[in-house]
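Presented below is the structure to which this report refers.
The values are calculated or read from the model by the stated rules, or taken from the named source; none is laboratory data. This structure is a prediction, so every number in the text was calculated from the model and none was measured. Note that each Cβ is placed from the backbone with ideal geometry, even for glycine, and that neighbours are counted across all protein chains shown. The area values use the complete protein model at the heavy-atom level, side chains included, leaving out ligands, DNA and RNA. Shrake-Rupley method; radii C 1.70, N 1.55, O 1.52, S 1.80 Å.
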There are 2 protein chains.
Amino acid sequence: MSWTLTAADLSDLARGATLLGTGGGGDPYIGKMLVEQVLGQGSITVLDPDDLSDEMFVIPTAQMGAPTVMIEKIPAGFEPTLALRTLEEHLGRRADATMPIECGGINSMIPLVVAAETGLPVVDADGMGRAFPELSMETFAVYGVHGSPLALAGERGERVIIDTGDDDKQMEWLARGIAIRLGGVAHIAEYAMSGAEVKRTAVPRTISMALALGRAIRLAREENRSPFEAIATTLSTTLYSHVRELFVGKVSDVERRTTDGFAKGSAVISALDPSSTDRMEIAFQNENLTAHRNGELVAIVPDLICVVDHESAEPITTEGLRYGQRVRVLGISTPEMMRTPEALRAFGPAAFGLSESFTPVEGRARA
Amino acid sequence: MSWTLTAADLSDLARGATLLGTGGGGDPYIGKMLVEQVLGQGSITVLDPDDLSDEMFVIPTAQMGAPTVMIEKIPAGFEPTLALRTLEEHLGRRADATMPIECGGINSMIPLVVAAETGLPVVDADGMGRAFPELSMETFAVYGVHGSPLALAGERGERVIIDTGDDDKQMEWLARGIAIRLGGVAHIAEYAMSGAEVKRTAVPRTISMALALGRAIRLAREENRSPFEAIATTLSTTLYSHVRELFVGKVSDVERRTTDGFAKGSAVISALDPSSTDRMEIAFQNENLTAHRNGELVAIVPDLICVVDHESAEPITTEGLRYGQRVRVLGISTPEMMRTPEALRAFGPAAFGLSESFTPVEGRARA
């Protein structure tokens, strides 16, 4: 069923999208400000994927770049819609709706900027079901819809169209080169598809799930209930039904570098009890990729590894990690369509150069 | 007057284009092989710029990249025409002719590959009057025709369109980023313009000049005359009327690195007489930029600094420079339209970060 989103929903959505960002995805609070600026007292229509007609034409919109750069280089604001319009002009066809390519992080918000500016509805679905660092890591691509042609817009009105046919990795490689030369961030429109293709290839209802997660965390805090139980309860009825607490501790080391257009590095979380040698090490490329507890792998991409404040459950991005922060690390299971062999080829451990194989978090860590 | 070019002309054209490449421009002998492959026994119509109708639509075609990479990474062959077709499709208009953007080096040949493949004529003019390393260094841009939109094609059929409005330096920056990610070489179509714009902004008759230079050098060798006198005689009736011998010696040092998509470095040429301390130092970024004789500047970009074999006058590119080669260094004056204040802003010394100001080679070096 379609529903309506207003500025009052954006804080909850941002909180939930940061959790689904699994450390990356870019800070949605900047995206929230962009939406608020355009939306004002207006509203955005959000379409349930089941309600799409097969012939409907959907053009997803997004920001790409290193999260470490995104928080310092704020968009002018017109870029996402310029990317959409550039792709429409190239294809000779207007979009009936936009959609996220990534429901985690700032890309939960960018399609809302476009919707508020153009009046287009937004489809409640995405192609990552979380955040991933590369444009080719999409369920869209896994199930046969390719990213090309991609349109890219820069803050000085630069427009670039990239067409690599079915080769989404080459599309990512070339678009990343442009984003780097634009200072580390760019806005894009890609994976144009029909309503039928959305229904076949997208992870459904991820905007509403992010909103529900953010709202549940806030309400639990307001009512002095456990926000961690609220997260588990909210996810129990979704495609992300398993939640595991992987570690509780404080951040004792963070190593982070912005390289090749990505934020790469690792974080160490030590036990709160100083006499304990327990520790968790998390490796990331924009998003958290692996969690090792005392050297043992307990969660691995594409399952979600989320670092949150140990009391409030406020999600913390990799660029927000600070020495001494007290945190909990949650492992959340991804939907089955993101765990098939073809999905794991696109965004499983090997796609990040990791030697470990994928095992579901619910199989590795006790509830 | 229009004229016809056949495969029999290509060796002379390649020799002349290498001279005009002033050390860079990419090796035209590879381009020559590409033309021969497509042209066979056919011919190409070359249009004199004076004969163009004002309404004629011209799309120049070229290769971009580091010459050091170009000699190792041979194009598949279809890329230049794919770039042309991509730009035609984007603009919704078919070209009536193609044209070089650069008459020196391999870009004397790339438009001939397109002409042979498509049957289009080639305009006898270009936008550099020699070779330059960057796409923004064009008399077209200096006199008001901009490079965007630019279409770029890669060897696996990748197609990219870049539109930076009037900002040709930003166009160069983004296109270079793509070329680097394609392995260091790409093919492009850019600076689409009318016949009237060609007549106003292009350096005229540079294909025929390159052909005449190459032919004059060959004939002088065959008839045991001085090829150096043949060069001077040929140029005396063109817009490049001053030729100066800047140095005779042997290559004693070459420092060369491929960085940021360019071949950068310097060469030292020492006197043939071992008791002499005379030396010439040449700095280059793809093309030769400055020539210092015993520390004194004797020629500087945009005038041509050409290193040739000391006896045969065969031009030598920077990637062809070898320790011990006996060479002569020639300085050749560029046309007045390349020495105006606006032209020097685009491709004079300051555009390369050089602190020296431009002084014509005929004013610095004795005849």
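Table for the structure above
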item: Total residues in the stretch B:307-353, condition under 27 Å from B:Lys169 (Cβ atoms) and either at pLDDT 95 or above or open to solvent by 10 Å² or more (accessible area, probe 1.4 Å) (or both); result: 24
item: Scope the stretch A:158-206; condition at positive phi and buried (at least 24 other Cβ atoms within 10 Å of the Cβ); matching residues; result: A:Tyr191
item: Test: B:Ala97 is open to solvent by less than 10 Å² (accessible area, probe 1.4 Å) and away from chain A (no Cβ under 14 Å); result: yes
item: Residues of the stretch B:110-131 satisfying the condition of being within 16 Å of B:Ala186 (Cβ to Cβ) and of a type outside the set (Val, Ile, Thr); result: B:Pro111
item: All positions within the stretch B:207-236 that are touching a strand residue (DSSP E or B) at 6+ places or on another chain (Cβ under 6 Å) and open to solvent by 10 Å² or more (accessible area, probe 1.4 Å); result: B:Ala232
item: Residue match in the stretch B:184-197 (condition: more than 19 Å from the chain's Cα centre (by Cα) and facing another protein chain (nearest Cβ under 10 Å)); result: no
item: In the stretch B:147-179, the residues that are aliphatic (A, V, I, L, M) and facing chain A (nearest Cβ under 7 Å); result: B:Val160, B:Ile161, B:Ile162, B:Leu174, B:Ile178
item: Sole exception among (1) more than 14 Å from chain B (Cβ to nearest Cβ); (2) touching a residue at least 24 places away in the same chain (Cβ under 8 Å); (3) open to solvent by 30 Å² or more (accessible area, probe 1.4 Å) for A:Gly119, by number; result: (2)
item: Selection status of B:Phe262, at pLDDT 95 or above and in contact with a Lys or Arg (Cβ under 9 Å, 6 or more places away or on another chain); result: no
item: Test: residue in the stretch A:264-278 that is touching a residue at least 60 places away in the same chain (Cβ under 8 Å), open to solvent by 10 Å² or more (accessible area, probe 1.4 Å) and not assigned by TED's automatic domain parsing to the domain that holds A:Tyr29; result: no
item: Any hit, the stretch B:66-74, residues being within 20 Å of B:Leu174 (Cα to Cα), part of a loop (DSSP other than H, G, I, E, B), within 21 Å of the chain's Cα centre (by Cα) and not polar (S, T, N, Q); result: yes
item: Set B:Arg221, B:Arg200, B:Arg225, B:Arg215: member being away from chain A (no Cβ under 14 Å) and in a loop (DSSP other than H, G, I, E, B); result: B:Arg225
item: B:Tyr143 surrounded by 24 or more Cβ atoms within 10 Å (Cβ to Cβ) and either among the acidic types (Asp, Glu) or away from every other protein chain (no Cβ under 14 Å) (or both); result: no
item: Odd one out for A:Asn107 among (1) modelled with pLDDT under 95; (2) buried (at least 21 other Cβ atoms within 10 Å of the Cβ); result: (1)
item: Filtered residues of the stretch A:65-94 (kept if touching a Ser or Thr at 6+ places or on another chain (Cβ under 8 Å) and more than 14 Å from every other protein chain (Cβ to nearest Cβ)); result: A:Ala66, A:Pro67, A:Thr68, A:Val69, A:Pro80, A:Thr81, A:Leu84
item: Residue match in the stretch A:218-225 (condition: in contact (Cβ under 8 Å) with a residue 40 or more places away in the chain and either assigned by TED's automatic domain parsing to the domain that holds A:Lys32 or closer than 27 Å to A:Leu135 by Cβ (or both)); result: no
item: Elements of type strands (runs of 3 or more DSSP E) contained in the stretch A:83-194, each with 2 or more residues being of a type outside the set (A, V, I, L, M); result: A:159-163
item: Answer from B:Leu52, B:Leu120, B:Leu112, B:Leu82 - the residue that is under 16 Å from B:Leu211 (Cβ atoms) and of a type in the set (A, V, I, L, M); result: B:Leu112
item: Selection count, the stretch A:1-59, where residues are of a type in the set (A, V, I, L, M, F, W, C), under 16 Å from A:Val123 (Cβ atoms) and not in a loop (DSSP other than H, G, I, E, B); result: 9
item: Matching residues in the stretch A:202-217 - criterion: being under 19 Å from A:Lys32 (Cα atoms), hydrophobic (A, V, I, L, M, F, W, C) and in contact (Cβ under 8 Å) with a residue 40 or more places away in the chain; result: A:Ile207, A:Met209, A:Ala210, A:Leu211, A:Ala212, A:Leu213, A:Ile217
item: Filter pass, A:Ser208 being within 14 Å of another protein chain (Cβ to nearest Cβ) and modelled with pLDDT of 95 or more; result: no
item: Test: residue in the stretch B:11-25 that is surrounded by fewer than 19 Cβ atoms within 10 Å (Cβ to Cβ), in contact with a Pro (Cβ under 9 Å, 6 or more places away or on another chain) and among the charged types (D, E, K, R); result: no
